[in-house]
1. What number of residues within the range 443-473 satisfy the criterion of being on the phi > 0 side of the Ramachandran plot and in a helix (DSSP H, G or I)?
2. Out of the strands (runs of 3 or more DSSP E) lying entirely within the range 2-50, which hold 3 or more residues that are of a type outside the set (Asp, Glu), open to solvent by less than 40 Å² (accessible area, probe 1.4 Å) and within 13 Å of residue 176 (Cβ to Cβ)?
3. Would you check which residues across the range 211-239 are closer than 12 Å to residue 445 by Cα and of a type in the set (S, T, N, Q) and list them?
4. Looking at the range 410-432, which of the residues that are part of a loop (DSSP other than H, G, I, E, B), touching a residue at least 60 places away in the same chain (Cβ under 8 Å) and not polar (S, T, N, Q) is farthest from residue 285 (Cα to Cα)?
5. Being hydroxyl-bearing (Ser, Thr, Tyr) and surrounded by fewer than 18 Cβ atoms within 10 Å (Cβ to Cβ) is the filter here, so list the residues in the range 439-473 that pass it.
6. Identify, by number, the condition in (1) open to solvent by 10 Å² or more (accessible area, probe 1.4 Å); (2) part of a helix (DSSP H, G or I); (3) closer than 18 Å to residue 358 by Cα; (4) not polar (S, T, N, Q) that residue 273 doesn't meet.
7. Quick one: in the range 414-438, of everything that is open to solvent by less than 30 Å² (accessible area, probe 1.4 Å) and in contact with a Phe, Trp or Tyr (Cβ under 7 Å, 6 or more places away or on another chain), which residue is nearest to residue 260 (Cα to Cα)?
8. So which of 173, 136, 191 ends up being under 29 Å from residue 320 (Cα atoms) and in contact (Cβ under 8 Å) with a residue 40 or more places away in the chain?
Amino acid sequence: MDKQLKLLIGGSLADGGAGTFDVVNPATGKAFAQCPKASEAQLDEAVAAAKAAFPAWAATDAGERGAMLAKLADALEARVAEFASLLTMEQGKPTRQAMGEIIGSTYVLRAFVDKRVEPVVLRDKGGKTVTEHRTPLGVVAAITPWNYPVMMLVQKLAPALVTGNTMVLKPAPTTPLTSLLFAELASEILPAGVFNVICDENDLGGKLTAHPGVAKIAFTGSTATGKKVMASAAAMVKRVTLELGGNDAAIVLDDIDAKAVAKKIYEGAMTNAGQICVAIKRAYVPANMYDAFCEEIARLANEAIVDDGSKQGTTVGPIQNRQQFEKVKELVEDAKLHGKVIAGGEALDRDGYFMPPTIVRDLPDDARLVREEQFGPVLPVLKYDDIDDVIARANASEYGLGGSVWGKDLTRATEVAQKIDTGTVWVNQYLAIDPRIPFRGSKQSGLGTELGDEGMLEYTQAHIVNAVPFEDA
């Protein structure tokens, strides 16, 4: 990569005060770019810049703030191809999926352009009024993951900025470049200090979340790291939004065509090489259609074109980083001891981090691949006989992010969905994320809400004004 991207601090593009670090293309396993590495002093500068910019930004008319989000969306849309190409290089996903992420990010930005947090009159009687106002919190520390680096950025940026907050973003160190390219756009549109971007090698996260100048933390990532973020916020009782891991179950009902539903579940499990927090992680199929379903989903997996995401025709790209690649390989090896691999099962003998779509059947519920979040292109297919039993099995997880139910009888499928203990359950669809619909996790899959009006309110403080007329003694 010829272009050297820079940090964004206080409206100025800056080199890294702590040097640079390699960014690896997961399709080759080799570095293709250098990322500026922020020093602790630059972290402090970024927070100070965001804090200094906050009063004026909070006082800016909400319509003006929304108009700037619209300009960001337009600027991003004008450079979709450039962003998608860079995204594929640093993240690995096929170009078509990368284009989808960038275009989807413009939709998210635009979804918040006209959103407003208006005062709500709770009581107005006899001259006595109770009104709930919403005020911005201040500086938001946003920490984003490596699977959807641009989408996760805008899902935090849009509601935070439209409600009057300022932000310091720290992207994942394996996918920082698209965030820095986005920072270039922002530097030409937003007032200085409203949006700042620093990059690190996972050495500044704790300092950012514990920083006294930060009022709220918006984090997307693993449950293990989310617990550390929550602990860091506790000392100052900072507001926290956590979108964490998932082990999402798909329950297939017995009134649907095995071949047709296998295609849908395959796509829900293997998009972005399975590296989605709400990807289908477990599929439960009735005993009377189990063999037919397994045969069809294995066929789909075996037909996948696994290659560099930049190559035309690729349907499944590499796993994003070596650490995750090794974890997925370990889970597959363990699954071989307890079940039967009917597609994939061996990492490709080539440069990069390639695991072909892998389907495993006949696993017990206590197998690691069933209990743990694989976050890769590997799917266990599990058999069931009784609907109440399979609901209990699906719910027997520490996670509760998403899930799905598949059936022809929509009323019945919806009734089953209502019994699944997750923040979102889709019926006959998957990955149907809409910026107008709240998204949240239950159990250890998260805290708080993203997207929708409720997600926007997470970036505000409720402020009650309770007034009565003054009466002389």
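1. Number satisfying all stated conditions: 2.
2. In the range 2-50, the matching strands (runs of 3 or more DSSP E) lie at 30-36.
3. The answer is 220, 222, 223, 225.
4. Among residues in the range 410-432 that are part of a loop (DSSP other than H, G, I, E, B), touching a residue at least 60 places away in the same chain (Cβ under 8 Å) and not polar (S, T, N, Q), the one farthest from residue 285 (Cα to Cα) is 431.
5. 442
6. Failing condition for residue 273: (1).
7. Here the answer is 424.
8. That would be 173, the only listed residue that is under 29 Å from residue 320 (Cα atoms) and in contact (Cβ under 8 Å) with a residue 40 or more places away in the chain.
The values are calculated or read from the model by the stated rules, or taken from the named source; none is laboratory data. Note that the structure is predicted; figures quoted are calculated from it, not measured. Glycine also receives a Cβ, built like all others from the backbone with ideal geometry; neighbour counts cover every protein chain displayed. Ligands, DNA and RNA are excluded from the accessible area calculation, which covers all protein heavy atoms including side chains. Shrake-Rupley method; radii C 1.70, N 1.55, O 1.52, S 1.80 Å.
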